[in-house]
Amino acid sequence: MNEQLEPDAITRPADRPPLVIRHVEAIPVALPLKKPVKMAGVAIAHAENVLVRIEAADGTVGWGEAASAPTMTGDTQGGLVAAVRHLAPLLVGQDGWTRSQLLARLHGALMGNTGAHSAIEMALLDLAGRASGLPLSALVGGAARGCVAPMWLLGNSTVERDVAEAQAKTAEGFHFFKLKVATKPLEQDIAATHAVRDALGPAVPLCADANCGFALAAAQRYVEATREAGLLFLEQPLGATDLAGLETLARASSVAIGADEGIHSLADIEAHARCGVRGLSLKLIKLGGFGAAIEAAAPCERLGLAINVAAKIAESSIASAAAVHLACALPSTDWGVSLTHFYLAEDIVRRPLPLRDGLVSPPSGPGLGVDVDEAAVARLRVT
């Protein structure tokens, strides 16, 4: 890697010298949740994430983040750390302004490992944004909107707790909700859906997410029994590879069926569209970063698929800021935005992204726009 690379014209100011990368660090952290989040098959009390810290020779620092997701991306926390450390030598000594060419080389050096590639790209974008004074959305094509409406995830052990939490979060300003299903007995899931809808009223968007937890017959029963609840969509009801079952369900369902765990590439988008899904969830860690996520929006628009932009449970305001920048840059986010820093008992930025009037705006500063608290990172670091 000794040859000179051309700087990215959209990023590098004409009068700036090379942004030489001098250090790349993978930092495993355990972020405590306010309360465990229950999804199909698992309850999560701590988020096992990896931060990427890239420092330039002039002292500028960029941050990235990826959540471990062994059942979604194959990435464990240890695997993410190993992947970032494997790629780090390809970055050290290089010009951070040559981001697109660096990313191509990283992908050439390590297949898969989408979480690690995403976190590194996020850190490179943050680095370039901070050095150039531009917000991250400006580096990926510009913002189509100035704010997004995040949804609150409901996933309690009882119907009553789901209703109480929905009412409490409505009072706090949330106006969009997602109910985790396939976590209770089926009839309780159905009862919770109707009870939450009754508590929210007919106008508040409500969707459900099974996280691959239903069998086909259960999904069919759930869809039919909750018809009057007016769900915006039911996300990933069946296993990620069960496209035949998904098509059987989607073609007959009165509720829009969405895909999440099954979407890892542009080919997956096409395949799921042929099955009759009407929207999908884009996650940076699944697709491998901003470039891939923005590229994925094009076939979604062509195929008439709605988009939900989502962070994994639970990412800090670093990754949530990235998700907001992405959501603001996409042509549309018909199915809302899932931001997960709200569920943390302790964040690692000094000013976590706030909710104002039911909306979250991208931070106004350069890059991601968040101020990382390195003392908090050190305290929550996994040693």
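The values are calculated or read from the model by the stated rules, or taken from the named source; none is laboratory data. Just so you know, these numbers come straight off a predicted model, no measurement behind them. Backbone-built Cβ (ideal geometry, glycine too); neighbour counts: all protein chains shown.
Listed here are the residues, each with its yes/no results for (1) touching a helix residue (DSSP H, G or I) at 6+ places or on another chain (Cβ under 7 Å); (2) surrounded by 21 or more Cβ atoms within 10 Å (Cβ to Cβ).
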{"site": "190", "(1), (2)": "yes, no"}
{"site": "199", "(1), (2)": "yes, no"}
{"site": "211", "(1), (2)": "no, yes"}
{"site": "221", "(1), (2)": "yes, no"}
{"site": "228", "(1), (2)": "no, no"}
{"site": "257", "(1), (2)": "yes, yes"}
Practice problem: Hand me the list of helices (runs of 4 or more DSSP H) wholly inside the range 43-150 holding 3 or more residues that are farther than 29 Å from residue 268 by Cβ. | Solution: 114-132
Self-check item: For residue 88: the one exception among (1) touching a strand residue (DSSP E or B) at 6+ places or on another chain (Cβ under 9 Å); (2) closer than 30 Å to residue 190 by Cβ; (3) surrounded by fewer than 21 Cβ atoms within 10 Å (Cβ to Cβ); (4) modelled with pLDDT of 95 or more
Solution: (2)
Quiz item: Checking residue 143 against (1) outside the structural domain of residue 331 (by TED's automatic domain parsing); (2) modelled with pLDDT of 95 or more; (3) of a type in the set (A, V, I, L, M), which single condition isn't satisfied?
Solution: (2)
Quiz item: Can you pull out the residues in the range 257-279 that are more than 12 Å from residue 209 (Cα to Cα) and part of a loop (DSSP other than H, G, I, E, B)?
Solution: 262, 263, 264, 265, 275, 276, 277, 278
Quiz item: Restricting the search to the range 300-318, which residues are of a type in the set (Asp, Glu) and surrounded by fewer than 24 Cβ atoms within 10 Å (Cβ to Cβ)?
Solution: 301
Exercise. For residue 313, work out the one condition from (1) in contact (Cβ under 8 Å) with a residue 60 or more places away in the chain; (2) part of a loop (DSSP other than H, G, I, E, B); (3) touching a helix residue (DSSP H, G or I) at 6+ places or on another chain (Cβ under 6 Å) it doesn't fulfil.
Key: (3)
Quiz item: Scanning for something surrounded by fewer than 21 Cβ atoms within 10 Å (Cβ to Cβ), outside any helix (DSSP H, G or I) and either of a type in the set (Phe, Trp, Tyr) or free of Cβ contacts under 8 Å to residues at least 24 places away in the same chain (or both), does the range 233-245 turn up at least one residue?
Solution: yes
